[in-house]
Amino acid sequence: MMNYTRVTTINAVKDLTVAELDFLYDEDANSIGMLLAHMATVEKAYQIETFENRDFTNDELSRLNPGLELGSLGREHFKGKTIDYYLQELADVRNTTIERFKALPDEWLFEQTPFWWDRPANNYFKWFHVFEDELSHRGQIRIIKKMITKLKK
């Protein structure tokens, strides 16, 4: 499911220019590039959360924040980058995820730990959320692409 989601995301963005990746429909918007960075960052965060079962270090948090928080920090950090940059980030994080999954027993998916608001959640749900998040943002990307197309006419 994660790989299918990623393929469809890549197909939606693979031919975008830097200008299209950086397009902001208003001053508070997220660009397509920001959303792609967010996808990679969320996956990296869940690697730490689930594979290492720990909180972020301050150094990790400062590196992850532009992609997690987005907003003005994301707009500063994620501009002027090519599609190859974003696709490589997505590929690198996914390769790590797949390698880690291969090393874990299936039972790991059902291990529960406190999650949002200290409610119990298993790793299966947590990783479902990773690609659910990607699917949601891919919908945003498609809307932004339609806005760009309308402006070009």
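Bear in mind that the values in this text are calculations on the coordinates, not laboratory data. This structure is a prediction, so every number in the text was calculated from the model and none was measured. Glycine also receives a Cβ, built like all others from the backbone with ideal geometry; neighbour counts cover every protein chain displayed.
Here are some notes:
- Descending Cα extents along the principal axes, the chain, whole Å: 53, 32, 25
- Cleavage-rule hits (chymotrypsin sites (Phe, Trp or Tyr not before Pro)) in segment 18-65: DSSP loop, at most 14 neighbouring Cβ within 10 angstrom: 25
- Taking trypsin sites (Lys or Arg not before Pro) across segment 1-58, the ones in a DSSP loop with at most 11 further Cβ atoms lying within 10 angstrom of their Cβ are 14, 54.
- Loop GluC sites (Glu not before Pro), segment 1-90, which have at most 15 other Cβ atoms in a 10 Å radius of their Cβ (DSSP): 27, 52
- Acute angle (nearest 10 degrees) that the helix 123-152 long axis makes with the longest principal axis of the chain, alpha-carbon atoms: 0
- Segment 52-73 residues near the modelled residue 28 label - backbone nitrogen below 17 Å, point 7 Å along Cα→Cβ: 69-73
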